[in-house]
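Everything below concerns the one structure shown next.
The values are calculated or read from the model by the stated rules, or taken from the named source; none is laboratory data. None of the values given here were measured: they were computed from a predicted structure. Cβ placement follows ideal geometry from the backbone for every residue including glycine, while neighbour counts extend to all protein chains displayed.
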Amino acid sequence: MVELKREFYDFLVEWKKTKRQQCLLVNGARQIGKTYIIEKFGRENYESFIEINFALTPDHTAIFDGALDARSIRERLTAFLGDVKIVPGRTLLFLDEIQDCPNARTAFKPLAIDGTFDIIASGSLLGIKYKKTKSNKVPRSVPVGFERQVVMHSLSFGEYLEARGFGGEAQTVIRNCFRDRTPVPEAINERFHRLLREYAVVGGMPSVVSAFVERGHYGEVQTLQESLVEDYIADIHKYADKTDIPKVENCFRAIPRILAKENRKFKYAEVEDRGTARKYLASVEWLKDAKIATMAECVNVALPGLAGYVKEEWFKLYMSDVGLLSSMYGSLVKRELLSGDLKGSVKGGIFENLVAGMLERNGFAVRYYRNDEREVEFIVETDDGVVPIEVKAASGRSKSFDTLVGEDAVPYGIKLTGGNVGVSGKRLALPHYMALYIRSDRRPLRGNIFNLTPLR
């Protein structure tokens, strides 16, 4: 199996250097590679690595029953696991599927203060499990100040390029063109547009990417993705409250249907005839909390402090992995997407989902702009001000985008297209794939006239 390089590994290395008395809680959808990358990090960076998977060994939850002082936990740990090697200060304790043992999360504080272990916990459906449900699987207390929560995603487009052999060095030309705002040589531009369409088809689920890189078979990609979609539906049936199961599943299956429309605002009437927020909003929240879907909030004012202008009744819902969305449209859509022949609003929905995922993975809050007169696909908050981002699946101008960019409060706008780099006044046109470089790590490319770093 192909080994995939993940940016999250570098994040873990940095966390180890700077964590102080802080445990790490890693959230994310199922089957995106959380367990694999944490295991790899633990074995390569610690003298001792101890792993407990509460889903595979539910009896180990007893380690965190009773007193939760560090000494008592160590005693029960050795009683259950036997002759484990504990090297103070150089041991990583990995608590996987922690949603099945809420007391383990409560124990973060005493363990962090004690300092014998570094602690990383991981789980899926944490946003679901840690809400007060009938099972009441919630921690006794949340370790405020001793816990850092992060979300891991499926492979980003950058990680996909790395897996396909187009890592940092291979991107030198397009990075320079992004920095200097100059057109990309046409052959290279066409190649990266093709790679982005390929990513839109394959997506970022590790098992799918690994199989495709190794064998290059699109039929196998579709089969694996269909299986993953069914796994997500199985999770809905397993973890949602019994009365909510059909509503959550209906919302999930409605996502590709709604994204295929010209107006991609999530409408409950598209889930069920005469559907209402009262009936379905909790189901939408379930999908968001499970990290199966990404909610794009709507704002109606293009001024700093976008969070204060959110219209809660309006939102869009995207799949967390664009490849899974493409798989739900079927193989014919995929073939036309790959060839560049796909037309219509389905193409627009896929490209919107694609860019939403890229922005989210790069640290931006996913939002769009809409008022009574105009709508722009995305809007982000940067150190320079509020920046609208238009996504054009086909050529052409947008009056809504041009009008918004013309406002004095907007420093510039970005138009993502199937073309090349260009600048016209306050409008910066970029190829779709260059959304990869609109990042949030506060290390903008040197010489870039636009500061594309978002405010935290």
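The table below lists the values:
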| item | result |
| --- | --- |
| Residue check for residue 362: of a type outside the set (Lys, Arg), at pLDDT below 95 and either out of contact with any Gly (no Cβ under 8 Å at 6 or more places or on another chain) or surrounded by 24 or more Cβ atoms within 10 Å (Cβ to Cβ) (or both) | yes |
| Out of 186, 214, 226, sole residue that is in the same structural domain as residue 335 (by TED's automatic domain parsing), of a type in the set (Asp, Glu) and surrounded by 14 or more Cβ atoms within 10 Å (Cβ to Cβ) | 226 |
| Search result, residues across region 307-324 that are in contact (Cβ under 8 Å) with a residue 24 or more places away in the chain, of a type outside the set (D, E, K, R) and either under 19 Å from residue 193 (Cα atoms) or exposed (fewer than 14 other Cβ atoms within 10 Å of the Cβ) (or both) | 307, 322, 323 |
| Lone qualifier among 107, 62 - being among the small types (Gly, Ala, Ser), closer than 30 Å to residue 231 by Cα and out of contact with any Ser or Thr (no Cβ under 6 Å at 6 or more places or on another chain) | 62 |
| Pair list, Cβ < 7 Å and 6+ apart or interchain, from region 39-63 residues that are more than 15 Å from residue 118 (Cα to Cα) and in a strand (DSSP E or B) to residues that are of a type outside the set (Phe, Trp, Tyr) and modelled with pLDDT under 95 | 53/97 |
| Per-region count, region 140-183, residues touching a Ser or Thr at 6+ places or on another chain (Cβ under 9 Å) and of a type in the set (D, E, K, R) | 1 |
| One residue from 39, 44 being in the same structural domain as residue 93 (by TED's automatic domain parsing) and more than 23 Å from the chain's Cα centre (by Cα) | 44 |
| Criterion (among the hydrophobic types (A, V, I, L, M, F, W, C) and either in a strand (DSSP E or B) or in the same structural domain as residue 324 (by TED's automatic domain parsing) (or both)) met by exactly one of 84, 26, 13 | 26 |
| One residue from 325, 306 being aliphatic (A, V, I, L, M), closer than 18 Å to residue 352 by Cα, touching a strand residue (DSSP E or B) at 6+ places or on another chain (Cβ under 7 Å) and not assigned by TED's automatic domain parsing to the domain that holds residue 128 | 325 |
| Region 107-126: number of residues that are part of a helix (DSSP H, G or I) and β-branched (Val, Ile, Thr) | 1 |
| Residue 334 vs. criteria surrounded by 22 or more Cβ atoms within 10 Å (Cβ to Cβ), out of contact with any His (no Cβ under 6 Å at 6 or more places or on another chain) and more than 30 Å from residue 26 (Cβ to Cβ) | yes |
| Residue in region 420-442 that is modelled with the lowest pLDDT, counting only those that are under 17 Å from residue 359 (Cβ atoms) and assigned to a loop (DSSP other than H, G, I, E, B) | 442 |
